[in-house]
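The values are calculated or read from the model by the stated rules, or taken from the named source; none is laboratory data. Please read all numbers here as calculations on a predicted model, not as lab measurements. Neighbour counts are summed over all protein chains in view; Cβ atoms, including those assigned to glycine, are modelled from backbone coordinates with ideal geometry. Ligands, DNA and RNA are excluded from the accessible area calculation, which covers all protein heavy atoms including side chains. Shrake-Rupley method; radii C 1.70, N 1.55, O 1.52, S 1.80 Å.
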Amino acid sequence: MRIIKATDYNDMSLNAAEIISEQIKYKPNSVLGLATGSTPLKTYKYLIEWYKNGDLDFSKITTFNLDEYYGLSKLDKQSYHYFMFDNLFSHININNDNIHIPDGTNKDVEQECLNYEKAILDADGIDLQLLGCGHNGHIGFNEPNEVFYTNTHLVNLEESTIQANKRFFETEEDVPRQSYTMGIKTIMQARKIIMLISGEGKKEIVKKAFFGPITPKVPASVLQLHRDFTLIVDKDAFSLCE
Ligand code: F6R
């Protein structure tokens, strides 16, 4: 595990965007695993800026997003499809056929999960996976559990996750209670993983996940076992670990 100690949110985002940019330049047909949420927003802004400056080309890039709310369609403003197009895909030259996000409207759960895993395999796996971290240590939407989940599956969101995500919805009742998510095994199979963590509110989970035991009760702790994992964390989030 490598740790990059960033000064602040901007520095964290710049470090992450530089790693993603190097990956794209080194392998123009890279397969990227992407995340939603507040944390990667500035990283995406840097990637868009560098694309617009002519420094980055996404035409051969393939992407797989970590998760999608169950029941929400692509057109729903709260869906992760919508988020990704709004914050990244609509601003770069990625080929729409190369974008993969679980289909929240597919009620055939088994088929959706198998399809997603197969698409990742067919793309020859994920070269670089970008992750955020929930306050409870969830990665994707792999919530704390007694066991590490394996492949893509449908998950019941924890109350704390519903509370954390309600800021994006009009009312708490509107927050979906379930989500499709890549599993821990899917994530751990990525050849390289970077996780971004920023802000005081995440200082406890940084300590638990990366300076404590590896346990499914803190899903992010499993990343300690990955052979090419980089944590990019800002000063506030790292403050209990100095
Ligand atoms: C999003 C995802 C989640 C978030 C996590 C942190 O695709 O998989 O695990 O990364 O909930 O969210 P933020 O960045 O909003 O604190």
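Observations
- Hits in region 1-14 - residues which are under 29 Å from Gln78 (Cα atoms), surrounded by fewer than 22 Cβ atoms within 10 Å (Cβ to Cβ) and in contact (Cβ under 8 Å) with a residue 40 or more places away in the chain: Asp8, Tyr9, Asp11
- Residue count for region 163-180, restricted to those that are within 11 Å of the ligand (Cβ to nearest atom) and among the hydrophobic types (A, V, I, L, M, F, W, C): 2
- Restricting region 215-242 to residues that are closer than 14 Å to Met188 by Cα and out of contact with any Phe, Trp or Tyr (no Cβ under 8 Å at 6 or more places or on another chain), the residue that is most open to solvent (accessible area, probe 1.4 Å) is Arg227.
- A single entry from Leu231, Leu240, Leu223 fulfils the requirement of being part of a helix (DSSP H, G or I) and modelled with pLDDT of 95 or more: Leu223.
- Among (1) out of contact with any strand residue (DSSP E or B) (no Cβ under 8 Å at 6 or more places or on another chain); (2) open to solvent by 10 Å² or more (accessible area, probe 1.4 Å), the one test that Thr186 misses: (2)
- First in region 197-210 and open to solvent by less than 20 Å² (accessible area, probe 1.4 Å), second anywhere and in a helix (DSSP H, G or I) and at pLDDT 95 or above, Cβ under 7 Å, 6 or more apart: Ile197/Val206; Ala209/Ala220; Ala209/Ser221; Phe210/Gln224
- Residues (open to solvent by less than 80 Å² (accessible area, probe 1.4 Å) and more than 16 Å from the ligand (Cβ to nearest atom)) located in region 68-89: Gly71, Ser73
- Note on region 113-156: residues that are over 15 Å from His100 (Cα atoms), within 14 Å of the ligand (Cβ to nearest atom) and part of a loop (DSSP other than H, G, I, E, B) total 11.
- Options Ser79, Ser21, Ser90, Ser59: the member that is under 29 Å from Leu157 (Cβ atoms), modelled with pLDDT of 95 or more and more than 16 Å from the chain's Cα centre (by Cα): Ser90
- Region 130-161, residues that are open to solvent by less than 40 Å² (accessible area, probe 1.4 Å) and in contact with a Lys or Arg (Cβ under 7 Å, 6 or more places away or on another chain): Cys133, Gly137, Pro144, Leu157
- Candidates in region 21-39 are the residues that are in contact with a helix residue (DSSP H, G or I) (Cβ under 9 Å, 6 or more places away or on another chain), outside any loop (DSSP other than H, G, I, E, B) and away from the ligand (no atom under 16 Å from the Cβ); of these, the one that is farthest from Tyr51 (Cα to Cα) is Val31.
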